[in-house]
Each structure stands twice: as structure tokens, then as C-alpha cells.
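Colleague: Below is a structure I'd like to ask you about.
The values are calculated or read from the model by the stated rules, or taken from the named source; none is laboratory data. Not measured: the values here are computed from a predicted model. Quick reminder, even Gly has a Cβ in these numbers, built from the backbone with ideal geometry, and neighbours come from all protein chains shown. Keep in mind that these areas ignore ligands, DNA and RNA; they rest on the heavy atoms of the full protein, side chains included. Shrake-Rupley method; radii C 1.70, N 1.55, O 1.52, S 1.80 Å.
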Amino acid sequence: MVREEYDNPMAQNVRDVPGLCVSQCRLIEEASRLTVSAGEIWDLGRIIVTGCGDSYAAGLAMKPAIEVLTGLPVEVISAVDLARYTPSELLTRQKGTPLVLAVSNSGKVARLGEAIERAGNYGCLTVAVTGSRESRLARVSKKAVELSIPEFVSGNGVRSYLVSMLALLIIAIRIGEVKGRYTMEASQSIRDEICVYAEEFRNIMPDLDEQMFRAAEKYASKELFDFIGSGGNTGTAWFSQAKIIEATGEWATYSDTEGWMHLNCFFKHLSRKLTVQYASAKGPELSRSKELMTAISEMKMDFCVITDSRDLVLPEGTERIWIPGCQKDWMWPLLNYLPVSLLAGYLCELKGEAYGRGCRDSWKVCGTTKLLTESRIEIL
């Protein structure tokens, strides 16, 4: 059993996520249904998702889902790139209006507000996906989907990340429905699948919690963490490395299944490194994932595979972290980030760390939000 003294806010947040997913599915659907009109949806030509930090990762995680559901091309662009680097001609109407979905729980990040204001000036339909309708982001966007996340102990964005992904997914379901890609009944069926997935996760949570605590004990001495995932799992890998950095201060990185063999395989000090790979049984990259597993095994490093398959043959010595799967592979990233979130929280406790180094000493400057919320605005 997980010892009480090692319980932590991140783990508490993870345990709450499955129930939160079920309750938020209905609330977000109600909040978003009338945000963008049927006429505006019919006129859409492509979709841009933008955000910073975890919100950017949410866009990466949901990109394949949005493309499948809407039938539209989707780009995930960081806020600074959209604000300062994206050519203006890519923001103007070409074959339909670009929809820009700006994701931010607080809605206060200056760069994101700047990006949305710029995109709106060039004719994009801008929609804020935010927890505050009174925020700057909501005010400068043409429309807003207001998220309402119940209060809970702060846990490094574990719950808000789920709600951000869920909002993008539900908005995409609505767009596909209006475009006639499937019926209203089929839309409800997809939302029902989300809730089934969450309930399956809730059922396995005690065992998963225990497994990740034991993994944290086993890997507490590690100083480098390497996460691998492709498709929507790229977002999961991004989020995973972010939580390890925030919770432990150790080095962490991410790559896709192809990029790993081009670069990350060359890290040295393998005994100080933990590699974690996301491998869905239904993922189109599964054959490449298997090749990677063989290579990593031959390199003789500590290796975990997070998978929804009990039958996937893993190299000897590889730790299998089993979690529920989905009928649709693009839905899997909605919750598959939870094992590493548990791991990060327990590693934080075992290493005697404080989230974000407690914003003390050399990290004191990181304790203020001024660099995020009061940065100079330049509309280019």
C-alpha cells in the first residue's frame, strides 16, 4: 500500500480526474453547443489550436481527434509563434474561415491574448477556451467557452489539463456533427465512450496508484527521464516531461517514435535514465513502437511501456504499465497521462522536493506571474 506520508496533491488530483471527466463532459457540451453557430461552422476552412505550457500540450494531444472528427486540417501553434512569427497570409481567409481555439484555464497569459487579438484582426474566428469569461483572453476573443472546474487542492495542472483536452474534443464533436459527418446520436455515442473510458480508469485507479508508487520507489535515484509518444501521444509525452521537471527538477525530455532513434538514443549515463514509451494497441505507429522497444532493450536501460494491451509482447526486463484503452485510438491521450502524473507526485515526495523548487532562491523570479501576465503586448 502507498504509505500515507507519501500522499501528495498530484496523486489526489489524479484520483479525482475520472469522476471529473464524467461530470465535465456534460457541462462542457452544454457550454459549447451554442458558442459557434451552424453557419460559422459550415464556413470553417481549417483549425488552429494555440496555448502555452500544458495548454499547448493539450492541443498536441487532441490534434488527431480534432482532425478525425471535423474533417478539417488542424495546426497546433504555440502562442508566441502565432503572435510573432506566423505569416499574416496564413491567418486570412483562404478556403473558408480559420477557427482559432485558444486554450488557457486562467485566460491571463499575455502572449496568448496577443496571439488571439492578432488572429482576430486578420479575420479568424477566435474562440477562447478558458475558466474565466472576464479574463483578457475572453475579452479579446470573438467568442468564449467558459470552463467551470470545481475547486480542489492545487496539483500542478493535472485536472485543468484534462478539462482543456476534453473541451477541445467536445467542440470537435459538435463541429463534425453540424458538418454532417455523423448524426446527433453518433455524437452522443462518442461522449458516452468518453465516460465509459473514465469509469474504467476509476476502477483500476487503486492498483495503478500502487504500481506507480512502487515505480517511484524503484526509480527515485534517476536523474534523466525520457518520454516517447507519437500522434496524440506526443502531447502526453510533452506533458509527462513537464510534470517531471516541475515536480522533481530533474532533466526530462520527449520525442516521437521516429525522432527517438535519430537523437535521444544518444544520451549517455544510461544507468541514471528512465525511458517511458506510450504504445497503444490500436495506434498506427505500433510496428515502429515495437522496433523501438527492441532497440531500447538492447541498450540495457530501465524501461517502462504504458500500454492498453496485456498481450503486447515486451522485451525481457521491461515494466508494463497497463491502463484501459478506447475503441478509438485518438481518444486514448485524454487520460493516459495519469500514470506519469502519479509517478511525478511520488518522486517529488521521495526526493524531498517542492513543486517548482518552491520558487525560492535561484527560482524566486519564477514565483511571480508578471513575466506571463504583464509581458509587453505587440500586435503585429
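Colleague: Quick check for me: using +1 on Lys/Arg Cβ and -1 on Asp/Glu Cβ, what's the dipole size of segment 162-300 about its Cα centre, in debye to the nearest 20?
Modeller: 320 debye
Colleague: Moving to a separate point now. Mind checking the per residue accessible area of the chain for me, 1.4 Å probe, whole number of Å²?
Modeller: On a per-residue basis, 43 Å².
Colleague: Let me ask something else about it. If the viscosity is 0.692 mPa s and the temperature 37 °C, what translational diffusion coefficient in µm²/s does Stokes-Einstein give for the chain when Rh comes from Kirkwood over Cα pairs?
Modeller: D, rounded to a whole number, is 155 µm²/s.
Colleague: Could you work out [θ]222 nm for the chain from helices alone, using -39500 (n - 2.57) per DSSP H run of at least four and dividing by all its residues? Round to the nearest 500 deg cm²/dmol.
Modeller: -14500 deg cm²/dmol
Colleague: Treating the beta-carbon of each Lys and Arg as +1 and of each Asp and Glu as -1, no other charges, what is the dipole magnitude of the chain about its Cα centre, to the nearest 20 debye?
Modeller: Dipole of the chain, to the nearest 20 debye: 1000 debye.
Colleague: Moving to a separate point now. Please give the peptides 32-39, 190-197 ranked by average Cβ packing (other Cβ atoms within 10 Å per residue), highest first, as a rough proxy for protection.
Modeller: Order by mean packing, descending: 190-197, 32-39.
Colleague: Here is a further query. Would you mind working out the magnitude of the charge dipole of segment 52-96 relative to its Cα centre, with +1 at each Lys and Arg C-beta and -1 at each Asp and Glu C-beta, to the nearest 20 Debye?
Modeller: 140 debye
Colleague: Between segment 315-379 and segment 103-175, what is the separation of their alpha carbon centroids in Å?
Modeller: Answer, in whole Å: 19.
Colleague: Still on this structure: In percent, how large is the relative contact order of segment 293-378, given Cα pairs closer than 8 Å and 6 or more residues apart?
Modeller: With pairs under 8 Å counted, the relative contact order is 16 percent.
Colleague: For segment 41-123, give the percent of accessible area contributed by carbon and sulfur heavy atoms, probe 1.4 Å, rounded to a whole number.
Modeller: Carbon and sulfur: 52 percent of the exposed surface of segment 41-123.
Colleague: Using a 1.4 Å probe on the protein chains only, how many percent of the accessible area of segment 184-311 belongs to carbon and sulfur?
Modeller: On segment 184-311, the fraction of accessible area on carbon and sulfur atoms equals 54 percent.
Colleague: So, one more: Using alpha-carbon pairs under 8 Å, 6+ residues apart, how would you state the relative contact order of the chain in percent?
Modeller: So the answer I get is 21 percent.
Colleague: What does the extension gain come out to for Thr368 and Ala186, with contour length at 0.36 nm per residue minus their alpha carbon separation?
Modeller: Fully extending the segment from Thr368 to Ala186 adds 60.9 nm.
Colleague: While we're on this one: Tell me which of Ala295, Leu350, Val158 sits at the most positive position along the dipole axis of the chain, charges placed on C-beta atoms (Lys, Arg +1; Asp, Glu -1).
Modeller: Toward the positive end, the furthest listed residue is Val158.
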